[in-house]
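A.B. asks: Please read through the structure below; I'll follow up with questions.
The values are calculated or read from the model by the stated rules, or taken from the named source; none is laboratory data. The model shown is predicted, which means the values in this text are computed figures rather than measured ones. All Cβ positions, glycine included, derive from the backbone under ideal geometry; neighbour counts span all protein chains shown.
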Ligand SMILES: [Zn+2]
Ligand SMILES: [Zn+2]
């Protein structure tokens, strides 16, 4: 499958709206910035945050990337809980079970992609990895509303929780999956 132009699956990330300092920000734009990420979980502002409004945005905006830094991304919308995929394709590609979260595409933006390469896993799915360090990063299904992200590539704290094991019907024969209270599916589930 041919690569999509620019490898940019989402809306342009407006750096000036999220980062202070060299990019600058107009004070009156803060309200609309908060509105634009209003899909996120909310809690009362702490004292520290009250004295530093940027602390609020840093909490809401998550970042991640590969092992060497040649691929970096920013997440500005809510991430889904983590699904562990035990299928043979994921096990080969990750070296073991795949752990995925996902975000609506407008909430995903690559901020560094010099290392990004794509592997056409099927006619409609491509897997993104770093060509410089080999990290597995993205699972991108054509036409899907969300971009799937390898959970291990997010910077801590991720705030993520586990949700399900899928494709247990084709898990490897070299490990067990104890009952950990998560949803269990023999095949795919969302
Ligand atoms: Zn890398
Ligand atoms: Zn899989």
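A.B. asks: Determine which single condition residue 137 fails, assuming it passes every other condition in (1) in a loop (DSSP other than H, G, I, E, B); (2) within 16 Å of ligand 1 (Cβ to nearest atom).
C.D. replies: Status for residue 137: all satisfied but (1).
A.B. asks: Cβ-Cβ distance below 9 Å, separation of 6 or more or different chains: which pairs start in the stretch 78-91 with a residue that is under 19 Å from residue 129 (Cβ atoms) and end on one that is within 16 Å of ligand 1 (Cβ to nearest atom) and outside any strand (DSSP E or B)?
C.D. replies: Cβ pairs passing all conditions: 85/94.
A.B. asks: Any idea how many residues of the stretch 140-181 are in contact (Cβ under 8 Å) with a residue 40 or more places away in the chain, assigned to a loop (DSSP other than H, G, I, E, B), touching a strand residue (DSSP E or B) at 6+ places or on another chain (Cβ under 9 Å) and farther than 25 Å from residue 67 by Cα?
C.D. replies: Qualifying residue count for the region: 5.
A.B. asks: Looking at the structure I just gave you, is residue 138 within 15 Å of ligand 2 (Cβ to nearest atom), surrounded by 15 or more Cβ atoms within 10 Å (Cβ to Cβ) and modelled with pLDDT of 95 or more?
C.D. replies: On the way: within 15 Å of ligand 2 (Cβ to nearest atom): yes; surrounded by 15 or more Cβ atoms within 10 Å (Cβ to Cβ): yes; modelled with pLDDT of 95 or more: yes.
For residue 138, the condition - within 15 Å of ligand 2 (Cβ to nearest atom), surrounded by 15 or more Cβ atoms within 10 Å (Cβ to Cβ) and modelled with pLDDT of 95 or more - is met.
A.B. asks: Do the conditions hold for residue 111, that is, is it under 16 Å from the mean Cα position of the chain (by Cα), surrounded by fewer than 17 Cβ atoms within 10 Å (Cβ to Cβ), modelled with pLDDT of 95 or more and in a strand (DSSP E or B)? Can you show your working first?
C.D. replies: On the way: under 16 Å from the mean Cα position of the chain (by Cα): yes; surrounded by fewer than 17 Cβ atoms within 10 Å (Cβ to Cβ): yes; modelled with pLDDT of 95 or more: yes; in a strand (DSSP E or B): yes.
For residue 111, the condition - under 16 Å from the mean Cα position of the chain (by Cα), surrounded by fewer than 17 Cβ atoms within 10 Å (Cβ to Cβ), modelled with pLDDT of 95 or more and in a strand (DSSP E or B) - is met.
A.B. asks: Consider the stretch 62-81. How many of its residues are more than 14 Å from ligand 1 (Cβ to nearest atom) and buried (at least 19 other Cβ atoms within 10 Å of the Cβ)? Write out each step before concluding.
C.D. replies: Narrowing the stretch 62-81 to residues more than 14 Å from ligand 1 (Cβ to nearest atom): 62-63, 74-81.
Narrowing the set further to residues that are buried (at least 19 other Cβ atoms within 10 Å of the Cβ) leaves 62, 74-77, 79.
Here the count works out to 6.
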